[in-house]
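Read through the structure below, which is laid out as structure tokens, and then see the notes.
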């Protein structure tokens, strides 16, 4: 962390799941995005995730001038220096480890650095935010958190229910993350987080990434940049400016059948609309101030305008995530 | 059901997981056991269960003079007539359907007629009896129960937690089963069932199979036949003699590493002892009056001695299960 920063902000986005392409990777580079936590699993089992890793290996090979796989905080600094973007693998669900705790280490070895313990529904480890009731972390969940702590894979509770999230914060011996969600004091969506959860997260040294997915925004697609940055300022007051960052949840160029798959996977015969509805079943329109990786500069402007100083803007845009990655990725006793 | 019964009782055992062999199949035949619900899954995923089906297909081929696969109540009557034993497939866990509801019908097509919604731990569908808290049937669980009802695969809640069990009884449009457990009013083991659960089960037309696994017995391996039959008499008073049968949980000739695998699967790194302990980690000794399929005759004797009439003994020994299979296996509107 003593490395000199260049004059521009280091930008880290703690969640994207776009329809990956050369054009998007170029936007990452041109937008100054040093690192993106890219989702490589929503519902996939182990073998299906392996196929996704193979897919990414081909992308890394083909677009080696734009992207590479990031597994450490040093990789993010290298990306910044080289003008490239480090892609960090993460799971939005624990489905790839199936019912085998031994697969956690296998996935870590393949570079996976984040795993959500549940995605909307009950998992073998924790409860999702759409279940009626939340019994907290399961017996297997306690074992898996311990294993993730040992290896240095971040527990992500973005789509989990409140009690499970509070228990994960408590049980985990290393700080956890909510990579992409907003506070419910600002907009009371089922995916957004209560003050109790956010305060507990902040006190434990965890990180919250602010989402720009319209269903998590006040006034949804019509949310203004000023409203968004105002929410960030209030959250900084609540949990500390050192515990917040961006997790845009950008799903650029994805067709609507992708959000249908995210919601339904293979768990239901009846159709589930999640945060959408029969009337609005597809992806909502992005707010006009955040449509691609070129738009982080607008957020930086908005943060300055709302009154954050340069150091605070740097923290929110990427330095907080960088520090979090440094202490979270890999074994705790690595130094 | 109008078919003439022969002069001896029709015996059905609603749960066994033995180290299958010609000798055990001969004991089934010689003990007059017309049908056994055989566990083909504790922790296996879909492909692993397929391997178990292939294994059973080889057994059916090799020992066709002793056993065959049973998928309907008619098969049980045929087994009785032919002096053979019908083997009915069942899962003690929902792991074979993984996270894919479409696999329920695939497993039904392969002859699976029972599936537990959880085995000790939290599953994607329901909570197991060893978890600290029980939030009831999950979102996926509701979908899967509906699918099992449609197909005619029995919901089995033997290893599930109380609230999940009560909700399964309520949600399922067809009667469910607790194939192997005893009442906790008799012996308060974590796997035994409360009066609330048993009464709800009986009122819904469900079935309880009495277990002779020592950890479910008062005085464990030392439990007497009289105590066991006395418990059956009290349960008949509580929920009706038409809702009870045998589910012996016989694990004949199994080495101790099998019970270790049942308890630990691949979900934990720390060793779990389940109903056992560090001191007694293996299979407990069977009570001296029930050690193989030759011993059902002793139970029949015990039931007569405790005061059940012949019709009641017949019901408990097999006719109740036969009637339950008739209404439970296959589509509800099949006739």
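A short reminder: the numbers here are calculations on the coordinates, not readings from a lab. Keep in mind it's a predicted model, so treat the numbers as computed, not measured. Here the Cβ is made from the backbone with ideal geometry for all residues, glycine too, and neighbour counts use every protein chain on show.
Here are the numbers:
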item: Relative contact order (%) - criterion: Cα under 8 Å, at least six apart; region: the range B:58-216; result: 15 percent
item: Potential lengthening between residue B:170 and residue B:8 on full extension [0.36 nm per residue; Cα-Cα distance subtracted]; result: 54.7 nm
item: Copies compared at residue B:298 - label distances in nm, ascending, label defined 7 Å from Cα in the Cβ direction; result: 7.9
item: Residues B:65, A:237, A:295 arranged by fewest to most Cβ contacts within 10 Å; result: A:237, B:65, A:295
item: Gaussian network model of chain B, springs between alpha carbon atoms under 10 Å - residue of B:245, B:83, B:301 with greatest fluctuation; result: B:301
item: 7 Å along Cα→Cβ, label-point gaps from residue B:274 to other copies, nm, shortest first; result: 3.7
item: Rounded FRET efficiency, nearest 0.05, which uses the C-beta distance separating residue A:74 from residue A:30 and R0 of 25 Å; result: 0.60
item: Taking chain B and dividing mean pair separation by its residue count, relative contact order in percent (alpha carbons under 8 Å, at least six apart); result: 20 percent
item: MRE, 222 nm, helices only [DSSP H, n ≥ 4, -39500 (n - 2.57), over chain A, to nearest 500]; result: -11000 deg cm²/dmol
item: Exposure proxy order (Cβ contacts within 10 Å, fewest to most) of A:13, B:272; result: B:272, A:13
item: Cβ-Cβ FRET estimate between residue A:254 and residue A:279, R0 fixed at 22 Å, reported to 0.05; result: 0.65
item: Residue of chain B nearest the B-to-A rotation axis [by Cβ], rounded angstrom distance; result: B:135, 2
item: Distance from the range B:276-301 to the range A:199-233 (C-alpha centre basis), Å; result: 60 Å
item: Contact order relative to length of the range A:169-269, as percent, for alpha carbon pairs under 8 angstrom and 6 or more apart; result: 28 percent
item: Global form of chain A, assessed from the alpha-carbon gyration tensor, a/c cut-off 1.5; result: rounded
item: Peptide B:138-144, shielding by other chains (average Cβ, 10 Å cutoff); result: 6
item: Gyration tensor verdict on the protein assembly as shown (Cα atoms; rounded if a/c is under 1.5, prolate if a/b is larger than b/c, oblate otherwise); result: prolate
item: Distances in nm from residue A:170 to the matching label points in the other copies, shortest first (labels 7 Å along Cα to Cβ); result: 2.6
item: Fluctuation leader among A:39, A:268, A:85 - chain A, Gaussian network, Cα springs under 10 angstrom; result: A:268
item: Alpha-carbon centroid distance for the pair the range B:60-109 / the range B:140-159, whole angstrom; result: 17 Å
item: Burial ordering of B:62, B:191, fewest other beta-carbon atoms within 10 Å first; result: B:62, B:191
item: Chain B: most fluctuating residue of B:79, B:35, B:14 per GNM, C-alpha cutoff 10 Å; result: B:79
item: Overall form of the range B:159-276 per C-alpha gyration tensor (a/c, 1.5; a/b vs b/c); result: oblate
item: FRET E, pair residue A:199, residue A:133, Förster distance 22 Å, beta-carbon r, rounded to 0.05; result: 0.45
